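Have a look at the structure below, then the notes.
Read-outs: derived from the displayed coordinates by stated rules, not from any lab. Quantities reported herein were computed from a predicted structural model and do not represent experimental measurements. Methodologically, a virtual Cβ is constructed for each residue, glycine included, from the backbone with ideal geometry; neighbour enumeration extends over all protein chains shown.
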Amino acid sequence: MQVILTADDFGRSAAINAAVLRAHREGVLTSASLMVAGEAAEEAVALARETPSLAVGLHLVAVDGPTVLSQGEIPHLVDEWGRLPADPVRLGLRYVASGTARKELGNELAAQFQRFVATGLPLSHVDGHRHMHMHPAVFAMLLPLAREYGARGIRLVREDLWLGLGEDQARPLTSASWAITFGLLSRWGARRLQNYPLAVTRRVYGLMRSGQMTEAYVLRLLTHLTVPTAEVCFHPSTTAEEAWGPNPGDLAALLSPAVRRLIGERDIRLATYPLLKGV
């Protein structure tokens, strides 16, 4: 089995950057997804350049976050503070209903790809903040950009419902609905990938457990994993940043000796999107 262990939100804060580097150097983390407009993005890029063994991809922000373009360039997307709103449903409906919003979205996505390429880092993969890259309007725009800028893989969010649930699941109904929704979107997306040379994994885990990727859960996941390829998403930080986001618990799981030992016992190959075989 080949498993990619990815940290999202790289570049969002110094605490996240520190956690990502420690999880890679001392733990089992193989990849990170860079938020190019994050407040600590420059530091993240410098750290990545010093750590070429860490595969870095683009964490596209199409909801709830900072943008590359200014408020004046994308006035139909951002709020009064120049940020993309946090409500994915309302913003997603705007992407469907407004041609002007879609045009501005296309410009912003292109700007994020261009900023990543300007770092000089190889583009390992593409995914999205809060998985908003799976929205049909966003996904349709990012595919040609991913091909143009040389991305090697893309995250299709298709999680195993039963592995995501458990006695310690804090929000089972919400998490199950997310898993079903993104599973349907991934089926739709997979059909559109036929003409694009982008690697995908059979399963992606972490959606249902965002903010709760504990050592116990990761051990259970890796014990029962049977698919040939998988990506496991984490939000490590050295501080607790938000209820369901970056947190020290995810960092502890990535540093866990028990997790490393199980990976060896199950003969799991730690991978990155550029190194996936047979996908």
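Annotations
- Residue 267-residue 53 pseudo-label distance in nm [points 7 Å out on the Cα-to-Cβ vector]: 2.3
- Each Cα pair under 8 Å and six or more residues apart adds its sequence gap; the mean of these over the residue count of region 85-162 is a relative contact order of 31 percent.
- Gain on full stretching of the segment that runs from residue 174 to residue 118 - 0.36 nm per residue minus C-alpha separation: 16.3 nm
- Within region 185-203: backbone nitrogen closer than 18 Å to the residue 96 label point (7 Å, Cα to C-beta): 185-189
- In sequence order, region 23-29 has phi-based couplings of 5, 7, 6, 10, x, 10, 5 Hz under the Karplus curve 6.51 cos²θ - 1.76 cosθ + 1.60, θ = phi - 60°, and Gly or Pro positions carry x.
- Each Lys and Arg contributes +1 and each Asp and Glu -1, all at the Cβ; summed about the Cα centre of the chain, the dipole is approximately 1040 debye.
- Shape category assigned to region 181-279 from the gyration tensor of Cα positions, a/c cut at 1.5: oblate
- Placing pseudo-labels 7 Å out from each Cα toward the beta carbon at residue 226 and residue 26 gives an inter-label distance of 3.7 nm.
- Positive contributions from Lys and Arg (+1) and negative ones from Asp and Glu (-1), summed over other residues with Cβ under 12 Å from the Cβ of residue 160, come out at +4.
- Put a dot 7 Å past the Cα of residue 79, heading toward its Cβ, do the same for residue 242, and the two dots end up 1.0 nm apart.
- For the chain, calculated [θ]222 nm from helices alone, where every DSSP H run of n ≥ 4 adds -39500 (n - 2.57): -13000 deg cm²/dmol
- 12 Å reach of a label modelled at residue 192, 7 Å along Cα-to-Cβ, counting backbone N of region 95-126: 96
- Remark on residue 60: its backbone amide H falls under 5 Å from those of 127, 128, 129, a criterion applied only to residues 5 or more positions apart or on other chains, H modelled at 1.01 Å from N.
- Between residue 271 and 3, 4, 5, the built amide H atoms are under 5 Å apart, and every one of these is 5 or more places off in sequence or on another chain.
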